[in-house]
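The structure appears right after this line, and notes come after that.
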Amino acid sequence: MASTEYGRRLIPQILDSLAATEPDRIIYSVATSSDISHGFQHVTARAFAKAVDKTAWWLHTQVGPTTSMQTVGYIGPHDLRHILLTYACAKAGCTALFLSPKNSTEGALAVLKAANCNAWVKPGEQPCLPLVEDFLEQRPMKLLNIPETGELLDAEKTEPYPYNKTFDEAIQDPFCLLHTSGSTGLPKPIAWSHGLIGTMDAVRLLPPTEGDDGLAPWTQDWRDGDRIYSSFPMSHGAGIIMNILLPSLFGLHCIMGPAGVIPNLNLIESLVDHGRIDIWSMVPSLVDELGETPDILAKFKSSKFICASGGPVTPVSASKVNEVIRVLNLTGTTEGLFIGNLVVDREDWLYFAFHPFSGFEFKEVEPGVYEHWVHRNENWPLFQGIFHTFPDQQSINLKDLYVKHPTKPNLWAFKGRNDDIVVLSNGYKISPLDTEALITTHPAINGCLMIGTGKPQAGLLIELKDPSSGNDELFDSIWSTVEKANSLSLHKNQLQRDYITFAEPEKPFVRTDKGTVKRHATLGLYADYIERFYSSRLEDLGEQIWVDTSSVDSIENAVRHIFGSSLPAVHDFSSDTDLFSLGLDSLLVFRVIKSIRAATGLQDRLSPRHLYANPTLERFSAAIAQLVADAKKAAGAASDEPVDDTVAKMRRLINKHKARVSPKVNPFDLMNPNIYVGMNFFFPLREGISFEQAFSTLQEGLRRTMELVPELEGKVMRCSEQEIGYKKGDVRITLPPLPSTATPDWHRPDPEGPRQLKFKDLSLVLPSFEEMRAAGFVSSLFKDEVVLDAPWFPPMPADVLIAQANFVKGGCILATNFHHACVDGMGAITALRVWAESCKYVQGDMSATCSWLDPESLNRSLPHILYEQEGYARPAHEVDPAVWGFLGFPNPAELENGNGVKTEIPPTSRGLSPPEVLVNGNGTSKAETPPTRPPLPPVPAFPRKFDWPPIPPADGRHMKSTTFLITPENVEKLKQEVLADPEAKGAITSVNDIVQAFFWRAALKARYRVAKEQRGETFAPDDMSILELAIDARPYFSSLLPSSFIGSVLVTNRPTMPVEELCGPDTSVGRIAYLIREAAKHITPSLVHDAFTLLQSIPDYSMLTNACMGLSGMHVMLTNMILFQTSEISFGDGFFGNGGSPEAMRVQMDRFNTAFRLLVIHPMRKDGGVELLLGTLPEEFEMLTQDEEFIKYASFMG
């Protein structure tokens, strides 16, 4: 598309063009539930365009043909109908008006009248909201029942609804109508014309010019195919921008949360876990909450940025967010949208910068405070949207106040409003004037000011005529007046009793000569006082409230009382009533959570997400009871009894003995062979620390770790054939008993430390730590056996853990081996986290108690218990046989057929519940009961090898570890190439998918060329390459399975591609990445549970096999650790540098090089680079380094 068209495109025509050129491109994905692991309903461009046409024809028949624009009002669930209705209205000669459900009846009527709205659309499946019923009584309108989303998407037979206007013809037509907040009076409708929207499209045309300080427009990193999620409702301008305008103008893939779920941190966490979001658009209060929830915040590292708009964020909290993911702070207006915003340096995130074409001027109105103005210039049609809304104006006072950056004169930070509006941190805007005027009528009040800009709750600062007259009786009298003012305000209950404070006698309000209060001067005088006041509200909440936490009923009674002070209606409804239906909103959520935190002592254990996830008194009280119980367990007491109580001591002793019961591993564990998972961690030593000092800390930390995770002290052994229920291959973990008092020195720890950890001084053998760092810690620096000499396939019984601390000049290499039948990769990392935190504890950090480690993390029976309890259990013969393709064991029936070739699966045997429904051009298929899912792929055929350890090659050859680096610049180049690749179908935006595809292709091409060019081999069209991907199934198994579960919960995904296609010159990385992404869709809760069913049915667990076994063939396993960050593990900074975190982690590869084809993607480097590790034979290495596609992006490290 020619750049000259930007700014002159019409959104309905962009959609129609996309539907014609890329019909299968997914443009909207709607979550099917608040648990995002359940998947999305995907909507393609063609399906969406058809649905728009169907909605337009429906509107045409309801409203009828018209020569003038008809306004159509709507309030509805947060689903696709907002978007369909907007497009349909634009096509059908109407304008969609999105009314805020938070309006008062008076405010709504004012908007409807000003917009000349005579048609009201309501969701056909829902009754009218009370607000709608109220204004329909006073303003009769034609009532239209819009069909449900599924019916509108079922539109394959719909004829196109024509829309043939040119941009010049449509420039003044309204695309949609919103309205002002009503903060300065009654709300007023604002039309967003096609001309105004065109300025959003034209941002990318802003040229570099003098005065822009070299900063780029805010859209510089919004890429075609990026996945975007917005927490804003559609009645808010940001909701329309992020869900409709930008997805259309910038080719974004819009992710929508489930209808009926208010955006909250629980939903955000689920989205970040499963939604692969690139761009987030959040209300400021959600950004603030994220900054105070580090465990969730850490998951945002893979996203590009968070777009914060709609109000001011809290600098301290948002700064924490910005350290993990860039905060893109944007400012705009409903009337002009975003005008000229530039991207500032990351450390300046709180400030705004504007392109000179914006026409902005900042006029100093008091020392250091500037008022924001905009002046029309010759560039206004493309870059000054506000003049499309106000075509007769030449200059406009935006009434926002800013302060300058102390050293960068063109950077501006928001300070407040010059029209007295209070803008809360959740984006709510409150006009204080009427409220202040009414309250000031109280005879004891000399003046008052509403406060709270940038805070989650509005407050009131009162100046008494007689400061000495304050008493409870007077306060009650004033509160009655405040309640009256609340009842007449747009936002009910906007002032809370606990958020009223009084002016200090020695600091009278600053006034004009006429006696009028000078707002900004007075707020400046009281700035410190206001900050202290808000701090005290957060600290003192709950001091006079006590919650009896002895039972759920007592908690519920207290919680109802706390809610009642802010939400009186709660007293009139049952405990299973949805609190949000009673008027609970984000303002009250903040207040209630703070109160209950203080009253229960839960503090940060309780957060708003617990209330959003449990929106009834009954469920919320039960959640609090569970948190209280968890807190008591973490503190070492299971009840309110004193810690030295005999019963409490006995309980603790019983739990200790229970933890020493030797558990039998579960079927998931048996998916892993009798091998050690080996990892090397590279730590810098602090200057002056001896090797012995550091080793002693590791010893003491491991000793404590084994108290918390006794299995790490155990051994793996074969089960006895005499055991009831024995199957061949069964394994048990045997644990040492607790020391007995009958044993001499039973209370003294082994002076040699845990036998599982050894010391080795390699300072005269290996390079220094600095030299290793300079070499990139490549795996070829030394043989793995140098840092830990242990059998890969250990004779049983075998230690669960063996480790060796290897010291070199300036550093330590901690080499660890975890028995794979006991832990998978996630389990090993969890165990290491416990060890790391225990080392911090023994160094004096008393907060390092591993309180995050769920007690059930060590329960090997938990998967089976949950499987039975949650209703997933069923006979193995009912399971789709294709599920065997995701396991490490063959179908027993397959073995009976011989040759390792899978029997044909009858199509009727396939049909399980899907997490996702793809809506394509053929319409949608509604889920049946039970629902059906697309067929699983056939079980891939490969030679079954059951020898453990695998038989080495007859020629005795083995591979050599080889590491390559894709620099950050080349990662971005590779990503852009895939984004532009039509074979990626717009679905591939993740670097993760792209690097996996790139690596698979490159590694196999090298082997393919050796096979063809040097050995003369040929490949038939049906000769396949299997990519084995171990998938952590914890998130799919159960919400009750702790993420810290230390056992193994893995399934194996096996995407396949013909060898000739995979290695062919015409096959793109995008095509392969798309194949991998499509294969990932098969990993669902139902598949994981069916896998567990089949695993339990296996008669012989010794028949474990993988396609990657052996050095011949064209199959490979890929271990992907790109998202793991070594900074997540800290052993404390008393002895180690880098904050106690390893600078690098490396998989022990030498063992695999003898018998397995393995690819490893190491954790992404701090600079964004990606390291690839694989074993190669010399001739394969030569082919790899001659591969132009590969060396274009990857360079050899060593």
Among the listed residues S235, S193, which satisfies the condition of being under 20 Å from I386 (Cβ atoms), assigned by TED's automatic domain parsing to the domain that holds D348 and small (G, A, S)?
-> S193
Matching helices (runs of 4 or more DSSP H) fully within segment 290-398 where at least 2 residues are closer than 30 Å to E531 by Cα and either outside the structural domain of G275 (by TED's automatic domain parsing) or at pLDDT below 90 (or both) = 294-297, 315-324
Looking only at segment 187-235, which residues are of a type in the set (K, R) and either part of a loop (DSSP other than H, G, I, E, B) or in contact with a helix residue (DSSP H, G or I) (Cβ under 6 Å, 6 or more places away or on another chain) (or both)?
-> K188, R223
Does segment 704-724 contain any residue that is touching a helix residue (DSSP H, G or I) at 6+ places or on another chain (Cβ under 8 Å), modelled with pLDDT under 90, in the same structural domain as W792 (by TED's automatic domain parsing) and outside any helix (DSSP H, G or I)?
-> yes
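A quick yes/no check of all residues on (1) small (G, A, S); (2) in contact with a Gly (Cβ under 9 Å, 6 or more places away or on another chain); (3) over 30 Å from L286 (Cα atoms):
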site: H405; (1), (2), (3): no, no, no
site: N410; (1), (2), (3): no, yes, no
site: A413; (1), (2), (3): yes, no, no
site: L424; (1), (2), (3): no, yes, no
site: Y428; (1), (2), (3): no, yes, no
site: L433; (1), (2), (3): no, no, no
site: N446; (1), (2), (3): no, no, yes
site: E473; (1), (2), (3): no, no, yes
site: A485; (1), (2), (3): yes, no, no
Within segment 3-12, is there a residue that is aliphatic (A, V, I, L, M) and over 30 Å from A1033 (Cα atoms)?
-> yes
Meets criteria (buried (at least 21 other Cβ atoms within 10 Å of the Cβ) and over 21 Å from T1119 (Cα atoms)) for H1089 = yes
L523, sole failed condition from (1) modelled with pLDDT of 70 or more; (2) part of a helix (DSSP H, G or I); (3) under 27 Å from A598 (Cα atoms) | (3)
Among the residues of segment 790-802, is there at least one that is part of a helix (DSSP H, G or I) and out of contact with any Ser or Thr (no Cβ under 8 Å at 6 or more places or on another chain)?
-> no
Being touching a strand residue (DSSP E or B) at 6+ places or on another chain (Cβ under 9 Å) and of a type in the set (A, V, I, L, M) is the filter here, so list the residues in segment 365-404 that pass it.
-> V365, V369, V374, I386, I396, L398, L401, V403
From I430, I439, grab the single residue that is in contact (Cβ under 8 Å) with a residue 12 or more places away in the chain, of a type in the set (V, I, T) and in contact with a Cys (Cβ under 7 Å, 6 or more places away or on another chain).
-> I439
Confirm whether L144 is at pLDDT 95 or above, in contact with a Phe, Trp or Tyr (Cβ under 9 Å, 6 or more places away or on another chain) and of a type outside the set (D, E, K, R).
-> no
Condition check for L152: assigned to a helix (DSSP H, G or I), at pLDDT below 95, surrounded by 15 or more Cβ atoms within 10 Å (Cβ to Cβ) and assigned by TED's automatic domain parsing to the domain that holds D53 | no
Count, please, the residues in segment 1130-1171 that happen to be among the hydroxyl-bearing types (S, T, Y) and part of a loop (DSSP other than H, G, I, E, B).
-> 2
Is it the case that some residue within segment 156-179 is of a type outside the set (A, V, I, L, M, F, W, C), touching a Lys or Arg at 6+ places or on another chain (Cβ under 8 Å) and in a strand (DSSP E or B)?
-> yes
Total residues in segment 95-110, condition among the charged types (D, E, K, R) and either buried (at least 23 other Cβ atoms within 10 Å of the Cβ) or assigned to a helix (DSSP H, G or I) (or both) | 1
Please specify each residue of segment 1-38 satisfying the condition of being among the small types (G, A, S) and either within 19 Å of A90 (Cβ to Cβ) or surrounded by fewer than 20 Cβ atoms within 10 Å (Cβ to Cβ) (or both).
-> A2, S3, G7, S17, A19, A20, S33, S34, S37
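The values are calculated or read from the model by the stated rules, or taken from the named source; none is laboratory data. Predicted, not measured: the structure shown is a model, and the values here were computed from it. Cβ atoms come from the backbone with ideal geometry, glycine included; neighbour counts cover every protein chain shown.
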